[in-house]
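Reading through the structure tokens given below for one structure.
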Amino acid sequence: MKNWKVVTLVMATAGIAQSAQAGQFQRAQARGVPDRYLVVLEAAPSGKAEGEPGEVRVAQAAEQLARSVGATRLAVYGQVGQFLVEATEAQAQRLARDPRVRLVEQDALIELSAIPSCYANVSTFPQANSYDPTSPQVLQCWDPQLSCADNWGLDRIGQRTGSQSAHTLDSRYHFTATGQGTHIYVLDTGIIRTHTEFALPGGGHRVGTGFNLVPGEASWNTDDDVGHGTHVASIAAGRRFGVAKAATLHPVRVFKNGNAQLSTVVSGVNWITGNVQRPAVVNMSFNYNKGLIDASALDSAVAYMVTHHGIAVVNAAGNWNQDITSFSPTAVSSVIVAGGLDWVNNQRWGAHPTTGCHANGCGSNWGPGVDVFAPATDVLAALGSGENTLACTLTGTSMAAPHVSGVVAQYLQANPLATPAKIEAAIMLGSSPDYGNTSEMKQAA
Ligand SMILES: [Ca+2]
Ligand SMILES: [Ca+2]
């Protein structure tokens, strides 16, 4: 047994932001990055109208606006109509008053809380157990210290009903698509591409082009330093633990040691938008509590990626056992929001009074904005932290989201031109309505 530091989607941070100017200016109240502000333009870039990429127009506007107040332009996120400046607060407030600007938000450090509770076991996995599989796939126990029930997530999503406690799962994962030809972008801590979970028979792996946005680091280094992104990726598309077993994964690394600046996360959204290989879905297994950090700039960037660029996004509902309306980008309605199921009770994780708290939270967020529920507790998947044959169970809506992303990839395989709205409708249609015995449960995957 060995303890591993694994980040969860729970943000243990720091505050923001009272609007001084009618929602135009957001000041971080704690953990703010001094003299650095995200600027969201009123008019988002409009693609290649008039033969000019929107990105160029954003860059020009950024230069003009920054110069007009004596600020320094640091970075341009042209695909999502934003830029980053170094400026005094007075300069930032002047920027916010410009009619071309919708929002100026102070950059802030966001910290994922780490949990040490993941038990990782070095085990000898069977070779190529589930590559190019047939459905239904018999779920197996790969580690003598884990029970086969630890694979309950895959078991659960392939059937309409079932609960572990009632022994109605069938120990099989039924599926009709593998996500072949689709792309899953994992905006997270990176992916350990050498993990056997992503290996192809005959050599190579299914981890495609990615990018490291962590400031000061090499852009090519998308290795996962804490394990969260690898775990998430293997749930979505791992060959043994994954839903869409032939999809291509793309690591977009924005968290380092579980930390990121808000601007770095926005830069990751911008990178995906500008470099996406379609058909694609973006998995975001994190969110921000707006009571702590407003992240309106992230809301804007994600909404733009979905509605303007037509890229579907799946976001974890969050682990606070609260209404999701005060979370980002969870509250963006065009995002597919994945709440978490608890395998003991087959209910919303946190809904059952005896479920109790896990190391990374006390229950899935809830509310009308949650689109679908998926397995979240004790989900077995790969752990990547420099080694390549490890697995562990983790709990959190971070684990629910990639179940849904994998299902989206399966859908995109047959419907590669589907819009995000059509994808969301298909997910809702394919899930079990009003499943479970709690009124909080709207859907179950
Ligand atoms: Ca099953
Ligand atoms: Ca939605």
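So that you can scan it fast, the table gives a plain yes or no per residue for (1) at pLDDT 95 or above; (2) more than 25 Å from Arg253 (Cβ to Cβ); (3) not assigned by TED's automatic domain parsing to the domain that holds Thr189:
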| position | (1), (2), (3) |
| --- | --- |
| Ala17 | no, yes, yes |
| Ala22 | no, yes, yes |
| Gly32 | no, no, yes |
| Asp35 | yes, yes, yes |
| Gln60 | no, yes, yes |
| Val69 | yes, yes, yes |
| Leu74 | yes, no, yes |
- Task: Name the residue, out of Ala316, Ala312, Ala244, Ala280, that is within 26 Å of Glu55 (Cα to Cα), small (Gly, Ala, Ser) and out of contact with any His (no Cβ under 8 Å at 6 or more places or on another chain).
- Result: Ala312
- Under 8 Å by Cβ, and 6 or more places apart or on different chains, what pairs join a residue from region 312-334 that is within 18 Å of Ser405 (Cβ to Cβ) with one that is among the charged types (D, E, K, R) and within 10 Å of ligand 2 (Cβ to nearest atom)? Ala312/Glu424; Ser334/Glu424
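Listed here are the residues, each with its yes/no results for (1) within 16 Å of ligand 2 (Cβ to nearest atom); (2) outside the structural domain of Leu262 (by TED's automatic domain parsing); (3) in contact with a Ser or Thr (Cβ under 8 Å, 6 or more places away or on another chain).
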position: Val306; (1), (2), (3): yes, no, yes
position: His309; (1), (2), (3): no, no, yes
position: Phe327; (1), (2), (3): yes, no, no
position: Val332; (1), (2), (3): yes, no, no
position: Val335; (1), (2), (3): yes, no, no
position: Asn346; (1), (2), (3): no, no, yes
- Lone unmet requirement of (1) crowded, with 24+ Cβ neighbours inside 10 Å; (2) within 16 Å of ligand 2 (Cβ to nearest atom); (3) within 21 Å of Ser431 (Cβ to Cβ) for Ala247: (2)
- Message: With the structure loaded, tell me whether Gln91 is over 20 Å from Asn270 (Cα atoms), of a type outside the set (Gly, Ala, Ser), crowded, with 18+ Cβ neighbours inside 10 Å and modelled with pLDDT of 95 or more or whether it fails that test.
- Response: yes
- Task: Identify, by number, the condition in (1) over 22 Å from Thr222 (Cα atoms); (2) away from ligand 2 (no atom under 16 Å from the Cβ) that Gln261 doesn't meet.
- Result: (1)
- Item | Which numbered condition Ile115 misses (of (1) at pLDDT 95 or above; (2) buried (at least 16 other Cβ atoms within 10 Å of the Cβ)) | (1)
- Message: Cβ contacts < 9 Å: first residue at pLDDT 80 or above, restricted to region 350-379; second residue of a type in the set (S, T, N, Q) and within 16 Å of ligand 1 (Cβ to nearest atom), any location; separation 6+ or different chain. Result?
- Response: Asp371/Ser431; Val372/Ser431; Phe373/Ser431; Ala374/Ser431; Val379/Asn151
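Results for (1) modelled with pLDDT of 60 or more; (2) surrounded by 16 or more Cβ atoms within 10 Å (Cβ to Cβ); (3) more than 11 Å from ligand 1 (Cβ to nearest atom), shown as yes or no for each residue.
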residue	(1), (2), (3)
Ala120	no, yes, yes
Gln127	no, no, yes
Asp132	no, no, yes
Ala149	yes, yes, yes
Gly158	yes, yes, no
His174	yes, no, no
Gln180	yes, no, yes
Arg193	yes, yes, yes
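Residues are listed down the side, and each one gets a yes or a no for (1) surrounded by 21 or more Cβ atoms within 10 Å (Cβ to Cβ); (2) at pLDDT 95 or above; (3) out of contact with any strand residue (DSSP E or B) (no Cβ under 6 Å at 6 or more places or on another chain); (4) not in a helix (DSSP H, G or I):
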site	(1), (2), (3), (4)
Met399	yes, no, no, no
Val404	yes, yes, no, no
Val407	yes, yes, yes, no
Gln413	no, yes, yes, no
Ala421	no, yes, yes, no
Met428	no, no, yes, no
Glu440	no, no, no, yes
- Query: Just a yes or no: is a residue in region 401-424 within 16 Å of ligand 1 (Cβ to nearest atom) and either over 17 Å from Val243 (Cα atoms) or of a type in the set (Gly, Ala, Ser) (or both)?
  - Reply: yes
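Does region 202-218 contain at least one residue that is part of a loop (DSSP other than H, G, I, E, B), over 30 Å from Arg156 (Cβ atoms), of a type in the set (S, T, N, Q) and in the same structural domain as Ser285 (by TED's automatic domain parsing)?
Quick first cut of region 202-218, residues part of a loop (DSSP other than H, G, I, E, B) only: 202-204, 206, 208-210, 213-218.
Checking which are over 30 Å from Arg156 (Cβ atoms) leaves us with 202-204, 209, 213-218.
Right, trim to of a type in the set (S, T, N, Q) and you get 209.
Those still in the list that are in the same structural domain as Ser285 (by TED's automatic domain parsing) too: 209.
Checked region 202-218: at least one residue is part of a loop (DSSP other than H, G, I, E, B), over 30 Å from Arg156 (Cβ atoms), of a type in the set (S, T, N, Q) and in the same structural domain as Ser285 (by TED's automatic domain parsing).
The values are calculated or read from the model by the stated rules, or taken from the named source; none is laboratory data. Since this is a predicted model, take the numbers as computed values, not measurements. Neighbour counts are summed over all protein chains in view; Cβ atoms, including those assigned to glycine, are modelled from backbone coordinates with ideal geometry.
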